[in-house]
């Protein structure tokens, strides 16, 4: 009787282990089995990466604010080129307060006064406004690239978190089967009580880790929804899978090709140009604006029509804009330093992302071609040896744990590969609307719940 029970337990445990091994052997080969389509509570369709990027470009509040900055800068540029409005003047002069007829004896005039800017000031004001528009446009392009990169990274993180949850749930099933088997072995007298305690501790441990992975999945969903500007899509399903190989075509376009046209560098250069224009404008500040007036009216008792003209201008004796010139010169140096810093930062980001892509590709290949197959083989051998009595229960648990850790590490390497590729795209690709993450074959795509 005890022998039959033990045999049944071993068959049950072996079946669970073999099922798990088959599942992960498929994952190690980069082929995802089709899973039933998961619908959200609202019945929405699964989000693809392209759809997510489109939603982010349409709904992200920071991107909308950047578009508004362009309209704001355009308005300032239009306003900067305009002269000030003319002034209407009404004058009553030489009004006698005694022995006269009062207002009738005064000199009354009506006229127009206009301030005429010094030559070149308004032209430079218009150019400064135009550079502000170009700066806002470059900042919008930069924000678009960064947003697309962030959406890709968040999308990959959701897929990786979902896959990690699946791995941990599979490990929970194995741990439950092991715990049940240990209880029956202890009940039949085949094993000591510590074997059951060891299995139950392992079960509690993987259950705790599963909750941590599920919490991380919720956080990645919320991050993706935040980038999309649609918090209501935090529970929407997504469709896709992490790419398992990378194309190094991006690395063929070195920084010398994309750096001058990168929106960050364009924005920095535009800021330098604006600082130079502001310096030129400041140098004209001491030259005064002329105020011209023309008036007409009558002359007191004689009631004789008169015309008078006037010109006034401030004398640049006390204020010669020395402080403004100093500030403008410092702003030019600041803008040039900021441009150099931007170029260095982008070069460093390119080098880091390139190295991460190469390293991640090598690590993914190593996992897929060597580590994962060996882990699956080891699990199969230990499972078979356990059935034959060659290995103890502790050996089986350790092998299960090691295999699960290898699978989780493989998912992390896939995530690093996809993130590095997204970062390189954000640096080198100049058409963000058509930029995509690593391409997948149709048979490799899988729908998972976001």
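The values are calculated or read from the model by the stated rules, or taken from the named source; none is laboratory data. Because the structure is predicted, anything quoted here is derived from the model rather than measured. Note that each Cβ is placed from the backbone with ideal geometry, even for glycine, and that neighbours are counted across all protein chains shown.
Keeping to segment 295-334, report how many residues are within 24 Å of residue 122 (Cβ to Cβ), over 57 Å from the mean Cα position of the chain (by Cα) and surrounded by 14 or more Cβ atoms within 10 Å (Cβ to Cβ).
The qualifying residues number 0.
Only one of these conditions is not met by residue 103: (1) assigned to a helix (DSSP H, G or I); (2) modelled with pLDDT under 90; (3) surrounded by 14 or more Cβ atoms within 10 Å (Cβ to Cβ). Which number is it?
Residue 103 satisfies all of (1) assigned to a helix (DSSP H, G or I); (2) modelled with pLDDT under 90; (3) surrounded by 14 or more Cβ atoms within 10 Å (Cβ to Cβ) except (3).
From 286, 260, which residue is part of a loop (DSSP other than H, G, I, E, B) and either free of Cβ contacts under 8 Å to residues at least 40 places away in the same chain or in contact with a helix residue (DSSP H, G or I) (Cβ under 9 Å, 6 or more places away or on another chain) (or both)?
286
Condition test on residue 144, is it assigned to a helix (DSSP H, G or I), more than 15 Å from residue 218 (Cα to Cα) and either in contact with a strand residue (DSSP E or B) (Cβ under 6 Å, 6 or more places away or on another chain) or at pLDDT 90 or above (or both)?
When the stated conditions are applied, residue 144 passes them.
Okay, residues lined up against (1) within 13 Å of the chain's Cα centre (by Cα); (2) crowded, with 21+ Cβ neighbours inside 10 Å:
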site	(1), (2)
134	no, no
137	no, no
151	yes, yes
160	no, yes
166	no, no
169	no, no
173	no, no
180	no, no
185	no, yes
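Select from segment 313-328 the residues that are assigned to a helix (DSSP H, G or I) and within 14 Å of residue 284 (Cα to Cα) and list them in ascending order.
We begin by selecting, within segment 313-328, every residue assigned to a helix (DSSP H, G or I); these are 322-328.
Once the filter is applied, which keeps residues that are assigned to a helix (DSSP H, G or I) and within 14 Å of residue 284 (Cα to Cα), segment 313-328 yields 322, 323, 324, 325, 326, 328.
Identify the residue in segment 109-132 that is touching a strand residue (DSSP E or B) at 6+ places or on another chain (Cβ under 7 Å) and under 30 Å from residue 286 (Cα atoms) and, among all such residues, is surrounded by the most Cβ atoms within 10 Å (Cβ to Cβ).
111
For segment 373-407, which residues satisfy the criterion of being at pLDDT 90 or above and under 33 Å from the mean Cα position of the chain (by Cα)?
Once the filter is applied, which keeps residues that are at pLDDT 90 or above and under 33 Å from the mean Cα position of the chain (by Cα), segment 373-407 yields only 406.
Look through segment 194-216, keep the residues that are without any contact (Cβ under 8 Å) to a residue 24 or more places away in the chain and in contact with a helix residue (DSSP H, G or I) (Cβ under 6 Å, 6 or more places away or on another chain), and return whichever of them is surrounded by the fewest Cβ atoms within 10 Å (Cβ to Cβ).
200
With respect to residue 371, determine if the residue is outside any helix (DSSP H, G or I) and over 21 Å from residue 274 (Cβ atoms). Reasoning before the result, please.
Numbers: outside any helix (DSSP H, G or I): no; over 21 Å from residue 274 (Cβ atoms): yes.
Criteria not met by residue 371.
Take residue 114 and tell me if it is modelled with pLDDT of 90 or more, at negative phi and not in a strand (DSSP E or B). Break it down into steps so the answer makes sense when it comes.
Details: modelled with pLDDT of 90 or more: yes; at negative phi: yes; not in a strand (DSSP E or B): no.
Spelling it out, it is not the case that residue 114 is modelled with pLDDT of 90 or more, at negative phi and not in a strand (DSSP E or B).
Given the conditions (1) out of contact with any helix residue (DSSP H, G or I) (no Cβ under 9 Å at 6 or more places or on another chain); (2) in contact (Cβ under 8 Å) with a residue 24 or more places away in the chain, and given that residue 177 satisfies all but one, which numbered condition is not satisfied?
Of the numbered conditions (1) out of contact with any helix residue (DSSP H, G or I) (no Cβ under 9 Å at 6 or more places or on another chain); (2) in contact (Cβ under 8 Å) with a residue 24 or more places away in the chain, the odd one out for residue 177 is (1).
Against the definition (within 19 Å of residue 394 (Cβ to Cβ) and either in contact with a helix residue (DSSP H, G or I) (Cβ under 6 Å, 6 or more places away or on another chain) or at pLDDT 90 or above (or both)), how does residue 164 come out, yes or no?
Judged against the criteria, residue 164 is not a match.
In this structure, does residue 77 turn out to be more than 16 Å from residue 141 (Cβ to Cβ), out of contact with any strand residue (DSSP E or B) (no Cβ under 9 Å at 6 or more places or on another chain), in contact (Cβ under 8 Å) with a residue 40 or more places away in the chain and not in a loop (DSSP other than H, G, I, E, B)?
It is true that residue 77 is more than 16 Å from residue 141 (Cβ to Cβ), out of contact with any strand residue (DSSP E or B) (no Cβ under 9 Å at 6 or more places or on another chain), in contact (Cβ under 8 Å) with a residue 40 or more places away in the chain and not in a loop (DSSP other than H, G, I, E, B).
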